[in-house]
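See below for the structure under consideration.
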Amino acid sequence: MSVWAKVGRKAIRFMNGVVDLAVLIVVLLLVAVGCYAIWDSKQVFNRADAAQYQIYRPTVENGGKTFEELRAINPDVFAWLTVYGTRIDYPVVQGPDNMTYVNTNAEGQYSLSGAIFLDYHCSRDFSDFSSIFYGHHMEKSAMFGDIGRFAEESYFRERPYGMLYYDGLEHGLEFFAFIHADAYDGAVFRTGITEPEQRQAYLDLLLDMAMHTRETGVTINDRIVLLSTCSGSTTNGRDILVGRITEGLYDNPFALGEPDGPGPTPVVDGLLPSLWARISLPGKVSIVFQQFFLILLLLAIRKKRKHKRKQRDSYRGGNEA
């Protein structure tokens, strides 16, 4: 065998080893990134859990003292929203625009889970005819993750009430419609409605669009609230729970027990920037395991290639002898 042939064989072996090592390193990095992403996603949902804010919840017993402590941390906090029979039980903020609290939590810290916030066009004293709340549609019923479940008629029927705390007082919420709308439908996401004719037209629109309704006797003299979040069923879709503010409070029939567990895994709100954040936790685990098995496969292929090279070298050595 010529010198150049031997050099060529060594070069090929070297390049094969470099390629195998490079692939292995890339796969290991992917696994590391996947494991970190799973851990990070879990932290996001933990921070979004309503339980994280319960220490600030205003109550009659403490006179709203702990709520005022939260307001001292972030002056943009001004209300508290609860929907009975769900895990929607959060402080409400209002920023200078409708983007600030997409990735900022109620304590004013950066967070992908954001916060429940009131449209910046709306009045904080809820004197407007229509007020719109926004929140991310997240897994594990975090933030507005339970809104989509009102598409089930039985779920809607069993959960007619909630509570809205503002100006130091608790007010009742009575829900009368569930709507699926487009995010860019300006006729639905409308504020500053003042004229009686406009109010009636808006109320009629909501009732006409509703998938489910409940007879409450709502009129143009009521104050309407819309709880809006992303929908996983359509592109740019929004699920909206519609109710009215009442002076009288309603008993919480779920007070003695936990609300239903999380429903089917929804997509994370489309406002979140990461594609990885849209994948459910089981999906992420599946991806990591696939990467792990890919590593094993690559190691097996590499071992087999080494074995074949040894056999080939042994055969060539025998022929040369």
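For the range 193-210, state whether one or more residues are part of a loop (DSSP other than H, G, I, E, B), under 30 Å from Glu107 (Cα atoms) and acidic (Asp, Glu).
no
Okay, residues lined up against (1) buried (at least 22 other Cβ atoms within 10 Å of the Cβ); (2) modelled with pLDDT of 95 or more; (3) farther than 21 Å from Leu169 by Cα:
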{"position": "Ala79", "(1), (2), (3)": "yes, yes, no"}
{"position": "Tyr84", "(1), (2), (3)": "no, yes, no"}
{"position": "Val92", "(1), (2), (3)": "yes, yes, no"}
{"position": "Pro96", "(1), (2), (3)": "no, yes, yes"}
{"position": "Thr100", "(1), (2), (3)": "no, yes, yes"}
{"position": "Phe117", "(1), (2), (3)": "yes, yes, no"}
{"position": "His121", "(1), (2), (3)": "no, yes, yes"}
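Restricting the search to the range 145-172, which residues are touching a residue at least 24 places away in the same chain (Cβ under 8 Å) and under 22 Å from Arg71 (Cβ atoms)?
Gly162, Met163, Leu164, Tyr165, Tyr166, Asp167, Gly168, Glu170, His171
If Lys140 passes every condition in (1) out of contact with any Pro (no Cβ under 8 Å at 6 or more places or on another chain); (2) part of a helix (DSSP H, G or I); (3) surrounded by fewer than 24 Cβ atoms within 10 Å (Cβ to Cβ) but one, which one does it miss?
(1)
Check Leu118, Leu112 and return the single one that is touching a Phe, Trp or Tyr at 6+ places or on another chain (Cβ under 8 Å) and not charged (D, E, K, R).
Matching residue, one of Leu118, Leu112: Leu118.
What are the pairs with Cβ atoms under 9 angstrom where one residue, in the range 115-136, is farther than 15 Å from Asn221 by Cβ and among the β-branched types (Val, Ile, Thr) and the other, located anywhere, is modelled with pLDDT under 95 and in a strand (DSSP E or B)? Sequence gap at least six, or different chains.
So the pair list comes out as Ile116/Met143.
Is it the case, given these coordinates, that Tyr120 is in contact with a strand residue (DSSP E or B) (Cβ under 8 Å, 6 or more places away or on another chain), in the same structural domain as Glu195 (by TED's automatic domain parsing) and not in a helix (DSSP H, G or I)?
No, not satisfied.
For the range 165-184, which residues satisfy the criterion of being in contact with a strand residue (DSSP E or B) (Cβ under 8 Å, 6 or more places away or on another chain) and not in a strand (DSSP E or B)?
If the condition is that a residue be in contact with a strand residue (DSSP E or B) (Cβ under 8 Å, 6 or more places away or on another chain) and not in a strand (DSSP E or B), then Ala183 is the only one that fits.
The values are calculated or read from the model by the stated rules, or taken from the named source; none is laboratory data. Owing to the predicted nature of the structure, the values given are computational and were not obtained by experimental measurement. Counting neighbours? That spans all protein chains shown, and the Cβs are built from the backbone with ideal geometry, glycine included.
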